[in-house]
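Throughout, read-outs are computed from the coordinates displayed, never taken from laboratory work. Since the model is a prediction, treat every value here as computed from it, not as a measurement. A quick note on method: Cβ atoms are made from the backbone with ideal geometry, for glycine too, and the neighbour counts reach across all protein chains shown.
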Amino acid sequence: MRVRVLVQAEEEAEEAARWYEERKEGLGIEFLDSLAQALEAIEENPQQFPRLETLRTRKNIRRCLLKRFPFAIIFQIRPTESLVLAVAHVRRRPNYWKKRAR
């Protein structure tokens with residue numbers, strides 16, 4: 001299933017990659033590699049990831065945790081695509097992205 005990434009989620013990923021790169025050269029690239037692997041897994045089988053049951057909605061919103069980094073890809077499974085709503089740090093601002101789900 002095709003994966004589409006919202007502009008806001010792209011910006012979050014770029015900001016996180018810059019932050020990691022400032023801390024250690026090459027770490028930002030590793031973050032982006034981890035993100036790319038997770039997006040491929042979502043594209044191959046979005047149903048394998050757990051639903052966010054804490055949300056009071058019927059929308060099929062799921063979470064994919066990145067390996068090595070404390071970030072999650074929050075995405076919504078739609079009839080023709082998986083829409084990435086956020087690339088969110090798992091310990092900051094919970095559910096800030098909820099208004100992005102239509």
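Under a cut-off of 26 Å between alpha-carbon atoms, report the lysines in cross-link reach of LYS24, not counting same-chain residues fewer than 8 places apart.
Those lysines meeting the cut-off are LYS67.
For the chain, what does the relative contact order come out to in percent, with C-alpha contacts under 8 Å and a separation of six or more?
So the answer I get is 30 percent.
Mean residue ellipticity at 222 nm from the helices of the chain, using -39,500 (n - 2.57) per DSSP H segment of n ≥ 4 over the full residue count, to the nearest 500 deg cm²/dmol?
The helix-only estimate for the chain comes to -11500 deg cm²/dmol at 222 nm.
Compute the acute angle (0 to 90°) between the alpha-carbon long axis of helix 7-23 and the principal axis of greatest extent of the alpha-carbon atoms of the chain; round to the nearest 10°.
Once rounded, the angle reads 30 degrees.
With each pseudo-label sitting 7 Å past Cα toward Cβ, what's the LYS24-GLU11 distance in nm, one decimal?
2.9 nm
Long-range amide H contacts for ALA101: which residues qualify at under 5 Å (H placed 1.01 Å from N, peptide plane, sequence gap of 5 or more or a different chain)?
For ALA101, no residues qualify.
Which of GLU25, GLU40, GLU14 moves the most in a Gaussian network model of the chain with Cα springs under 10 Å?
Among GLU25, GLU40, GLU14, the largest mean-square fluctuation in the Gaussian network model of the chain belongs to GLU25.
If I model a spin label at GLN48 and LYS99 as a point 7 Å from the Cα along the Cα→Cβ vector, what separation in nanometres do I get?
That separation, rounded to one decimal, is 3.5 nm.
What Kirkwood hydrodynamic radius do you get for the range 3-91 when you take the inverse of the mean 1/r over all pairs of distinct Cα atoms, in Å?
Answer for the range 3-91: a Kirkwood hydrodynamic radius of 13.3 Å.
In terms of Cα to Cα distance under 19 Å, which lysines are near enough to LYS59, apart from those fewer than 8 places away along the same chain?
Within the straight-line limit of under 19 Å, LYS59 reaches these lysines: LYS98, LYS99.
Quick one: which residues, 5+ away or cross-chain, put their amide H under 5 Å from the amide H of PHE71? H built at 1.01 Å from N.
LEU66, VAL90
Please list log₁₀ I(q)/I(0) at q = 0.16 Å⁻¹ for the range 23-72, using the Debye equation with identical point scatterers on the alpha-carbon positions.
With no solvent term, the Cα-only Debye profile gives -0.54.
Under 5 Å between amide hydrogens, which residues at least 5 positions from PHE49 or on another chain qualify, with H placed 1.01 Å from N in the peptide plane?
For PHE49, no residues qualify.
Among the trypsin sites (Lys or Arg not before Pro) within the range 1-81, which fall in a DSSP loop and have no more than 12 other Cβ atoms within 10 Å of their own Cβ?
Within the range 1-81, the qualifying trypsin sites (Lys or Arg not before Pro) (loop, at most 12 other Cβ atoms within 10 Å) are ARG2, LYS24, ARG56, ARG58, LYS67, ARG68.
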